[in-house]
Amino acid sequence: MDLSTVTDLVPTADPADWREGDAWLAGGTVLFSYGSQTLRRLLDLTSAGWPALTVTDDGLEIAATCTVASLWAFEESHQAASVRERWTALDLVRPCCDSFVASFKIWNTSTVGGNVCTSLPAGPMISLTAALDGVAEVWGPGGTRRTQPVAELVTGELRNTLAPGELLRAIRVPDHALRSRTAFRRLSLSNLGRSGVLLIGRVDPPDAGGGFVLTVTASTRRPVQLRFPADAPPTAADLAAALDAVIPLDLYHDDVHGLPEWRRDMTYRLGEEIRAELLGGATSDGGLR
Ligand SMILES: Cc1cc2nc3c(=O)[nH]c(=O)nc-3n(C[C@H](O)[C@H](O)[C@H](O)COP(=O)(O)OP(=O)(O)OC[C@H]3O[C@@H](n4cnc5c(N)ncnc54)[C@H](O)[C@@H]3O)c2cc1C
């Protein structure tokens, strides 16, 4: 779609350059498909040349401009060779990328940062990075820098904590979360449809406490996380009670990709499947209420 009000494309990743009527441009797959009547300039973040993926002693740094295609390819990259065995949670990367039901053209341009900043409930990069306790680094006008867990940065459908002019620079996924055992479940109402429910469970390694973390996305308007310490793993009833406590019906998303009641019932079912897979024990009632 033409953005007919846009008069300039500025190659910059400096928030000091931002002014009213500007939008950060990453892959453009949202900007050019939703359109706009108000934008004046696009500030092209891809000009920054940030390395897409960086392995550090502390974990994995994912640049905001890392494309979905680059993330999908990471596991088999030269860079991943030294961590592939240790970082068992890399198993989540491809299912999350695959949850992005789009063509290679979209995969090759759309970015992890653009997905998080768009803040759709079915944002699979939100699911992945929130589930692994990814922390966003945010740059603001005036040289401000702040960090915030991705699970808290996204606050609702098309809503997040970014102030005007702030940009997402990178997401850092900690080493301990990358070493966790994980389980992934996703449902959509149609074969190649957008995610209606996407849950990820993880059990941290013993040296990181060994706790169980369940992250609910897509079914809810924003990510919801439940944490249980290693010495108090939840039973099926505990998990259902915890979901009851933190997700009221009106926090379940409601659109053509699923009714809130269906999303709620599938959240309980998939949550219980994940609990049984990671913590052992049969699913008694599939978690249905
Ligand atoms: C066929 C198709 C299928 C799709 N399927 C899905 C899907 O299943 N789930 C889903 O969530 N989305 C989906 N999308 C929407 C979109 O492709 C993704 O959300 C994508 O990841 C957006 O990334 P982008 O780099 O293209 O963002 P852009 O279009 O460049 O930007 C999107 C928004 O984020 C802002 N922005 C981008 N990067 C930053 C940054 N670093 N800091 C601050 N603000 C920033 C922009 O200003 C803009 O407001 C789909 C799109 C298409 C065309």
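No lab work stands behind these numbers, since they all come straight from the coordinates. Note that the structure is predicted; figures quoted are calculated from it, not measured. Note that we place each Cβ from the backbone using ideal geometry, even for glycine, and neighbour counts take in every protein chain shown.
Worth a mention:
- For C97, C117, order by how many other beta-carbon atoms lie within 10 Å, fewest first: C97, C117
- HN-Hα J in Hz across segment 11-26 - Karplus 6.51, -1.76, 1.60, θ = phi - 60°, x for Gly and Pro: x, 7, 10, 9, x, 5, 7, 6, 9, 3, x, 9, 9, 5, 10, 10
- For the chain, the longest principal axis of the Cα atoms and the long axis of helix 260-279 meet at an angle of about 60 degrees.
- If you run the Gaussian network model on the chain, springs between alpha carbon atoms under 10 Å, then out of A241, A218, A151 the most flexible one is A241.
- Sorting 32-43, 171-182 by average packing, meaning the other beta carbons within 10 Å per residue, from highest down gives 171-182, 32-43.
- Seen against the Cα atoms of the chain and their longest principal axis, helix 236-246 is set at about 40 degrees.
- Whole-Hz couplings from phi, Karplus 6.51/-1.76/1.60, listed for segment 162-168; x for Gly and Pro: 5, 7, x, x, 6, 10, 8
- 3J(HN,Hα) from dihedral phi, segment 173-186, Karplus parametrisation 6.51/-1.76/1.60, rounded to Hz, x for glycine, proline: 9, x, 3, 5, 5, 5, 8, 7, 7, 10, 9, 10, 9, 9
- For N160, residues with placed amide H under 5 Å, excluding near neighbours: T155
- Nonlocal amide H pairs with D22, under 5 Å, H built at 1.01 Å: R40, R41
- Distant-in-sequence amide contacts of A64, defined by a placed amide H-H separation under 5 Å and a gap of 5 or more residues or a different chain, comprise A170, I171.
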